[in-house]
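Data block below; observations after.
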Amino acid sequence: CVVPDLGRDDERNWRDVGSLGGQKRRVTGTLLTNWQSHLTHERRRSVHTVRAYVATAERFCAFLETHNGAAVTPAALAKLDASDMRAFLAQRRSEGLTNASAARELSALRAFLRFVGGPDAVLPALRGPRVKKGLPRPVSPTEAIQLTQDVAANARDGWIGARDYALLLLLYGAGLRIGEALGLTGAVLPMGPVLRVTGKRGKTRQVPILPAVREAVTAYADLCPFDLDPQGPLFRGARGGALAPGVVRASGRGARRALGLSERTTPHALRHSFATHLLAGGADLRSLQELLGHASLASTQIYTAVDAAQLLDIYRTAHPRAE
């Protein structure tokens, strides 16, 4: 596969990886720039995924430059064997990478090599580290409501309390991700019974909105001191800019500690609770997949394990012959 040359304007975007010089820097910079463009525009990956995948490719190219003492080119990458990748991962593990992080690094590396080599690329056979998959950690309905109410009650301003309450209800009552909720604009007002949400990779879905959630959003919009124009963010920070995810998480942490709730009671856990409670109430997996915006049913099926685990806990606690 021949990576296309960049135009004059794009040459300014070449990356300087490690101590590469001259032609080596140009070749590597072109590969990485094209890789970033592919992830952003063709694969439509999130900003965080693009950053992580490009960083992995940068580290790998810099490692190969030292490891093999040769320029990193598409032809050189096509000749890699498992020992090269194993050496790179060994170096990364020596830097403190966990099994889960090493597995993600290997996944990103395979995607990069497949992009460079094209659809017919033969990748080195290398088994990744075993990663124990954890189950989502939902909270009970009572804990979810306690968390949202405490966050609202302890806000420094009335409109901020209304904002946080409405935001958290969108996570628990509609199953939105934090990023999805913060990505809403003033165009959703007045909020109707169905909300169009843009999720990962730009995929949109229709989500039903409960009356209590609509009322909370309306109450926030009425109290917000800033103009919630259709092009601007719906949820505003104290100074009027877009609300940052860290502010939401910090509010959740404070409420969790004040209420003496477990560490698993986080804003994101509200989305897990939404899914688990719907499944326990009889929702089918396909419907739940659509509501959550999962690309694969396998991502949704993990909630069946959560439900089964909860039933087992109840059995062990209540059944006289559980011991």
Total residues in region 77-98, condition part of a helix (DSSP H, G or I), under 19 Å from Ala125 (Cβ atoms) and not basic (Lys, Arg): 10
Among residues of region 69-84, those that are surrounded by 15 or more Cβ atoms within 10 Å (Cβ to Cβ) and of a type in the set (D, E, K, R), counted: 1
Count - residues of region 29-85 that are at positive phi and at pLDDT 85 or above: 0
Any pair with Cβ under 9 angstrom, 6 or more apart, that starts in region 112-125 at a residue that is in a loop (DSSP other than H, G, I, E, B) and ends at one that is aliphatic (A, V, I, L, M) and open to solvent by 50 Å² or more (accessible area, probe 1.4 Å): Ala121/Ala78; Val122/Ala78
Sole exception among (1) outside any helix (DSSP H, G or I); (2) open to solvent by less than 30 Å² (accessible area, probe 1.4 Å); (3) closer than 18 Å to Val151 by Cα; (4) not aliphatic (A, V, I, L, M) for Arg256, by number: (1)
Subset of region 85-115 [open to solvent by less than 50 Å² (accessible area, probe 1.4 Å) and among the polar types (S, T, N, Q)]: Ser101
Members of region 139-149 that are among the polar types (S, T, N, Q), under 16 Å from Val248 (Cβ atoms) and open to solvent by less than 70 Å² (accessible area, probe 1.4 Å): Thr148
Some residue of region 116-135 being open to solvent by less than 20 Å² (accessible area, probe 1.4 Å) and either at pLDDT 85 or above or among the charged types (D, E, K, R) (or both): yes
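The values are calculated or read from the model by the stated rules, or taken from the named source; none is laboratory data. Remember, predicted model here, so these are calculated numbers, not experimental data. Note that each Cβ is placed from the backbone with ideal geometry, even for glycine, and that neighbours are counted across all protein chains shown. Remember, those area values only see protein heavy atoms, side chains included, never the ligands or the DNA or RNA. Shrake-Rupley method; radii C 1.70, N 1.55, O 1.52, S 1.80 Å.
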